[in-house]
Amino acid sequence: MRPVLLSMAALACLSAAVVAAPNFHDDFEAGVGGTNTWYNWRSSPDPWPPPNPSGINNLLTTSTDHNHTPAGTKSARAWESDPAAWNAYSDFGADSGTIHTDAWLFEDFTHDGTNSAQPVTNMLSLYGDGANPGVFTDYIQIGVVPFYPSGSVRYGFRTRYNDSTGGGIIDTGVSRKPGWTHLAIDVDAMGLGGQIRFFIDGTQVGTSYRAGANGGAGGLSPVALRWVRLGNNSKSYENFWYDDVNVTPEPASLLLLGLGGIALLRRNRRA
């Protein structure tokens, strides 16, 4: 009876871990900066944290135009801008383990991204543990960036170390669309290989590695991740809205850990 009770307890703890509230969550129902502190882009040697907003960059604003949160009314808006940029960074706490981040992104799709004079830019990004995200100790990005041949038509991803392009942007082949798009990134701990998987609307669209992973490729030292970014730091001719942003321990890894613990309990009982 004892091993059964222990197994049930382990499962209960596992379930609690899997469904626990995210380490970092923002649905912007309290406004931008109402739940978490968000900063606009300022790189070293500028002072950090920077004033909000400052320079040519502007902090995302609270909007009621579009909302994804059930029973909610608000989101965070990145405005069309040239040459300014609308973006926001938040510190979710240095984490060297396996994590999952995701966000919902809305666009009206008023510009198709084929005009090089009117680029479209948006991004969900993770940055490494540094004094500020501009240090670039690591970066992991998925979104629309007009720096590859397809322009701003499709989504792409980029990392500090990328095994197939040496840090360039990889075209996912997934086209932009009006309405909501779900962006997600799963990042394995260094001890598990440091692999990164990118997802759009629940479908995996590519893989890469964390800085310092894959045998230390690129001469980069392993670092923890610390910053999450929405928006962009270059001009964009499209309005975007972000909602329901999460950074949380990756559930699949917790599940494997829990099942491994249960198996160990059973083995010890049999011995």
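Nothing in this text is a laboratory measurement; each read-out follows from the coordinates by a stated rule. From a predicted model like this one, the values you see are computed outputs, not experimental measurements. Glycine gets a Cβ as well: all are built from the backbone with ideal geometry, and neighbour counts include every protein chain shown.
Under the Karplus relation 6.51 cos²θ - 1.76 cosθ + 1.60, θ = phi - 60°, what is the ordered set of whole-Hz ³J(HN,Hα) values for the stretch 189-195, x standing for Gly and Pro?
Those phi angles translate into 4, 4, x, 9, x, x, 6 Hz.
Could you state the orientation-averaged shadow area of the convex hull built on the Cα atoms of the stretch 26-242, in nm² to one decimal?
11.3 nm²
Could you please report the charge total around Pro222, scoring K, R as +1 and D, E as -1 over all other residues with beta-carbon less than 13 angstrom from its beta-carbon?
Overall, the nearby charge balance is -2.
Per residue of the stretch 111-117, in order, report the coupling 6.51 cos²θ - 1.76 cosθ + 1.60 (Karplus, θ = phi - 60°) as ³J(HN,Hα) in whole Hz, putting x for Gly and Pro.
10, 7, x, 8, 8, 5, 7
How large is ³J(HN,Hα) for each residue in the stretch 222-232, as worked out from phi by the Karplus curve 6.51 cos²θ - 1.76 cosθ + 1.60 (θ = phi - 60°), to whole Hz, x for Gly and Pro?
x, 9, 6, 8, 9, 10, 10, 10, 10, x, 8
Taking amide H atoms as placed 1.01 Å from N in the peptide plane, list the residues 5 or more away in sequence, or in a different chain, whose amide H sits under 5 Å from that of Val174.
Counting only residues 5 or more places away or on other chains, the set is Tyr155.
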